[in-house]
Amino acid sequence: MIADLGDGVRPAVLNWHMHRIFAGPILAATVLLSIPAHAADQVAALYQARTIVTGQREPERMVGFGVCLQDVLIKVSGNPRLADDPHVGPMKMTASHFVTAFRYHDRKEGIPVHDEQGTRDRPYDLFCAFNRTGVDALLASLHEKPWIAPRPKIAVFLGVQHGVLDYVLTRDNPHALDQRASLQQEADRRGIAVAIPDTAQAEADHLTVRGLAAAGPVRPEIAAQAIGADLALSGSLVWDDKILGWICQWRFAWHNRLYRWRLRGVSFDEAFRSGIGGVALILSGHRPPT
């Protein structure tokens, strides 16, 4: 059993709490010794996840473990369709058996407690690390395998239209603050590094909203390399007042093949989930998005 930390433990001083199951962590460490340190860190990160929980009570923590396990199964395999696999639900119920370490971070750290319940209902980030051998066994039971090959960095070139406002998603555009955060969060969840241009780079590469809606960068691989990325995901995000949602379309070239997919009536969180998830499906060798 994982030790009960109690609700009064201060998250700022929490260490990782270790929980071993069979010989998994030892075996995983032995395997990783033969991998260069930076590569070993990248592999280890695939077996880690984060979610938001309310308080540090055990029932909430168990739910958080389940959410994190699902994210790890998706991240390691590269298959976001596992979120809808009926076999994953029972696995989430036993997620604590696969946790090797966890810690909390108080999302309101530094803000005084103002209610009678103290820290009981404060929001926390729950960080979890999972046993590699156990996760790989779960994936095998789902007819999946780990995708631990080096993952390319993806440049995201996106044109956004919202009423009379249109712009290219860039690092320094104040209108794109929430969208940048959403993109980065989804990329982190799926274990894919992303880069977006700043305004000067977008202009130098002649990236426009109209061009991104039509065909994307003329030479996407050159535009990607200019911002330190390997491959390019391009597309458009258009707000539709009639359906009260975004229409998004994505394009991604891989091994001399161009993939296209689109969604209608979604939030921009869902749009980025579709974009990053589609790239993961393609690169990991799964059936591509449509």
Point to revise | SER284 - accessible surface, heavy atoms, 1.4 Å probe, Å² rounded to 10 | key: 30
Point to revise | For region 64-195: span of alpha carbons on each principal axis (Å, largest first) | key: 50, 47, 26
Study note, to complete from the structure: Of all C-alpha pairs within region 141-271, those more than 22 angstrom apart amount in percent to 35
**Study point:** Local electrostatic count at LEU231 - Lys and Arg +1, Asp and Glu -1, tallied over other residues with Cβ under 12 Å
**Key:** +1
Practice item. Pop out the ³J(HN,Hα) list for region 258-267 in order, Karplus 6.51 cos²θ - 1.76 cosθ + 1.60 with θ = phi - 60°, rounded to Hz; leave Gly and Pro as x. Key: 9, 9, 10, 8, 8, 9, 10, x, 10, 7
Check your understanding: In terms of the ratio Rg/(2.2 N^0.38 Å) built on C-alpha atoms, what value belongs to region 183-228?
Key -> 1.25
Review point. Near PRO146, within a Cβ-to-Cβ distance under 11 Å, what is the net charge of the other residues, with Lys and Arg +1 and Asp and Glu -1?
Key: +1
Study note, to complete from the structure: Between PHE157 and residues 5 or more places away or on another chain, the pairs with built amide H atoms under 5 Å apart involve LEU233, SER234, GLY235
**Study point:** R0 of 22 Å, Cβ-Cβ distance HIS255-ARG81: FRET efficiency to nearest 0.05
**Key:** 0.55
Exercise for review: Would you grab the residues whose amide H sits under 5 Å from the one on ALA253? Only those 5+ places off in sequence or on another chain, please, with H modelled 1.01 Å from N.
Suggested key: ALA232, TYR259
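The values are calculated or read from the model by the stated rules, or taken from the named source; none is laboratory data. All of these numbers come straight from a predicted model, not from anything done at the bench. Quick reminder, even Gly has a Cβ in these numbers, built from the backbone with ideal geometry, and neighbours come from all protein chains shown. Just so you know, the surface numbers come from the protein's heavy atoms only, side chains and all, with ligands and any DNA or RNA stripped out. Shrake-Rupley method; radii C 1.70, N 1.55, O 1.52, S 1.80 Å.
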